[in-house]
Amino acid sequence: MPEAALHVGSGKVRELYALDADRLLLVASDRISTFDVVLPTEIPDKGRVLTGLSAFWFARTRNVCANHLVSLRPDGRSTECRRLEMLPIECVVRGYLAGSGWKDYTKTGAVCGHALPPGLLESAQLPEPIFTPATKATTGHDENIDRARAAELVGRDRLEEVERASIDLYRFASEYARERGIVIADTKFEFGLDDEGRLVLADEALTPDSSRFWPADEYGAGAAPTSFDKQFVRDYCESLGWDKTEPGPELPDDVVSGTRARYVEAFEPLTAVNFDHYLSDPEVVLR
Ligand code: Q0Z
């Protein structure tokens, strides 16, 4: 199998290779970041959980929006995808008031130009999911942008199309996940265009790395819920008094095993696939 593949990009925890002129290989590592720093300790199988979940959602949402997935590789951590012309915006959908959305709301009563009812508590579910686009920052944090700026970047009609697709995808996935014990508080999609100019969902989708996953049984408005996947890592890092600059701390074995278990606990109820079964036959999540 090892075919010539040119490395074309690195994310914090993923790598991108070109297979040929119109195919890319997206590889998810087991690296984990917290407070925007990649830690020196890996979480075994994290890349496989995220790749399997993403592939699962691509299979389930193909009638909501076309996507870039061509095939899931036997290693379970890499996917072959169609090479697209990527749109220069991050398509964030928020169903709950968390992170920068909560901060904006406390200051202005609105989130990225969406006026909201007064008196909402931190983590409250919004009356309707809202679309809050951002620009892709090459360094540091993505920057929220208003509709006018987003329309300048992708065009007015395309913006309407990605907003509808993003909200439809979020509604589908968040309802599905909520019935299985997971709140998807918000999520970030990336889209591209194929040679015919059709909108295609790309990148990873609806994973705990691109979304806030909360355990539904711990969810309540008025507090910041625990993170489904990274809470042990955050708590451990906070206990060290680490200043959150490079380099990050090594993780002890119990934090690693607890965190790996959390990823598997997100994967199994969502996909209805036993994770060991996924490891022996990744395509099970596409069926
Ligand atoms: C995704 C990224 C990663 C670094 C480009 N289907 C596609 N067509 C064209 N470009 C992309 C995709 Cl997914 C594309 N990224 C994000 C992913 C490492 C950067 F794994 N950049």
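Some values worked out for this structure:
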quantity: Selection count, the stretch 257-274, where residues are surrounded by 20 or more Cβ atoms within 10 Å (Cβ to Cβ) and either hydrophobic (A, V, I, L, M, F, W, C) or at pLDDT below 95 (or both); calculated: 3
quantity: Of residues in the stretch 215-240 being surrounded by 13 or more Cβ atoms within 10 Å (Cβ to Cβ) and touching a residue at least 60 places away in the same chain (Cβ under 8 Å), the one farthest from residue 40 (Cα to Cα); calculated: 221
quantity: Any hit, the stretch 5-24, residues being under 19 Å from residue 207 (Cα atoms), more than 17 Å from the chain's Cα centre (by Cα), surrounded by 17 or more Cβ atoms within 10 Å (Cβ to Cβ) and modelled with pLDDT of 95 or more; calculated: no
quantity: Residues within the stretch 195-214 that are within 28 Å of residue 155 (Cβ to Cβ), open to solvent by 30 Å² or more (accessible area, probe 1.4 Å) and within 19 Å of the chain's Cα centre (by Cα), tallied; calculated: 1
quantity: Residue in the stretch 177-194 that is surrounded by 17 or more Cβ atoms within 10 Å (Cβ to Cβ), more than 16 Å from the ligand (Cβ to nearest atom), under 22 Å from the mean Cα position of the chain (by Cα) and aromatic (Phe, Trp, Tyr) present; calculated: no
quantity: Pair list, Cβ < 9 Å and 6+ apart or interchain, from the stretch 187-205 residues that are of a type in the set (Lys, Arg) to residues that are more than 12 Å from the ligand (Cβ to nearest atom) and in a strand (DSSP E or B); calculated: 188/91; 188/92; 188/93; 188/134; 188/211
quantity: Search result, residues across the stretch 63-97 that are within 30 Å of residue 225 (Cβ to Cβ), part of a loop (DSSP other than H, G, I, E, B) and either open to solvent by less than 10 Å² (accessible area, probe 1.4 Å) or within 16 Å of the ligand (Cβ to nearest atom) (or both); calculated: 65, 76, 77, 97
quantity: Count of the stretch 31-48 residues which are at positive phi and surrounded by fewer than 17 Cβ atoms within 10 Å (Cβ to Cβ); calculated: 2
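The values are calculated or read from the model by the stated rules, or taken from the named source; none is laboratory data. The shown structure was predicted, so the numbers you read here are calculated from the model rather than taken from an experiment. Positions of Cβ are backbone-derived with ideal geometry, glycine not excepted, and every protein chain shown enters the neighbour counts. We work out accessible area using only protein heavy atoms, side chains counted, and drop any ligands, DNA or RNA first. Shrake-Rupley method; radii C 1.70, N 1.55, O 1.52, S 1.80 Å.
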